[in-house]
């Protein structure tokens, strides 16, 4: 059996497998208005089996988002995570979702929405804490970034999340989050 090496996740001190598993396909169909997003026609059973094989091989980090399938990927992960409680979960926020129609209906990074989105993700995932909570919609104003850092630090203090980061390939969009004590990741 191949051994997967581990890495320290930013300044968090968390040891994670160098290879993580993403779950965008697990979300299946989703859309933003008429714009089709996601993966139509996936075999969810095969996707879950692939996740199980990866976890059995030593992967310790699973990445998802509330937007993937408008909540469906997080729900589909719940039994997998229940069977593997030591796996670290990274999820993302910022998109407003309508689970009943599998639609992304907008963007909201207000403190109240971020807190409610975290609680909704915890419910779908069946977890008590999110290991890494990442901003999925990083094009925010400096004032919004400042509010987000304060909100995310408050979620850490409350035990809702352990660490946070930003999903972007633009260092300028990530920079406002770096002063946050628990900011540890920039996902490209």
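Residues of region 84-99 that are over 23 Å from residue 43 (Cβ atoms), touching a residue at least 12 places away in the same chain (Cβ under 8 Å) and not in a strand (DSSP E or B): 86, 94.
All of 146, 119, 128 fail the test of being part of a loop (DSSP other than H, G, I, E, B) and either modelled with pLDDT of 95 or more or surrounded by 22 or more Cβ atoms within 10 Å (Cβ to Cβ) (or both), apart from 128. Within region 167-181, being crowded, with 19+ Cβ neighbours inside 10 Å, in contact with a helix residue (DSSP H, G or I) (Cβ under 9 Å, 6 or more places away or on another chain) and without any contact (Cβ under 8 Å) to a residue 40 or more places away in the chain holds for 168, 176, 180. Here 27, 38 are screened, and the one residue that is within 19 Å of the chain's Cα centre (by Cα), within 22 Å of residue 129 (Cα to Cα) and either crowded, with 16+ Cβ neighbours inside 10 Å or in contact (Cβ under 8 Å) with a residue 12 or more places away in the chain (or both) is 27.
Listed conditions (1) in contact with a strand residue (DSSP E or B) (Cβ under 8 Å, 6 or more places away or on another chain); (2) within 27 Å of residue 59 (Cα to Cα); (3) surrounded by fewer than 18 Cβ atoms within 10 Å (Cβ to Cβ) are all met by residue 108, apart from (2). You will find that of 133, 164, the residue that is in contact (Cβ under 8 Å) with a residue 40 or more places away in the chain and part of a strand (DSSP E or B) is 133 and no other.
Of the residues in region 59-69, not one is in contact with a strand residue (DSSP E or B) (Cβ under 7 Å, 6 or more places away or on another chain), within 29 Å of residue 179 (Cβ to Cβ) and surrounded by fewer than 16 Cβ atoms within 10 Å (Cβ to Cβ). Taken as a whole, the structure leaves residue 102 outside the set of residues that are in contact (Cβ under 8 Å) with a residue 40 or more places away in the chain and within 16 Å of the chain's Cα centre (by Cα).
What strands (runs of 3 or more DSSP E), lying completely within region 1-83, carry at least 3 residues that are out of contact with any helix residue (DSSP H, G or I) (no Cβ under 6 Å at 6 or more places or on another chain) and under 21 Å from residue 187 (Cα atoms)? If you could, list the steps in order and put the result at the bottom.
Working: elements: 6-8, 15-17, 29-32, 35-38, 61-63.
Because the criterion is at least 3 residues that are out of contact with any helix residue (DSSP H, G or I) (no Cβ under 6 Å at 6 or more places or on another chain) and under 21 Å from residue 187 (Cα atoms), the strands (runs of 3 or more DSSP E) in region 1-83 that meet it are 6-8, 15-17, 61-63.
The requirement of being in contact with a strand residue (DSSP E or B) (Cβ under 9 Å, 6 or more places away or on another chain), touching a residue at least 60 places away in the same chain (Cβ under 8 Å) and under 23 Å from residue 62 (Cα atoms) is fulfilled nowhere in region 139-155; no residue meets it.
The values are calculated or read from the model by the stated rules, or taken from the named source; none is laboratory data. This is a predicted model, so every value here is computed, not measured. When we count neighbours, we look across all protein chains shown, and the Cβ atoms used for this are built from the backbone with ideal geometry, even at glycine.
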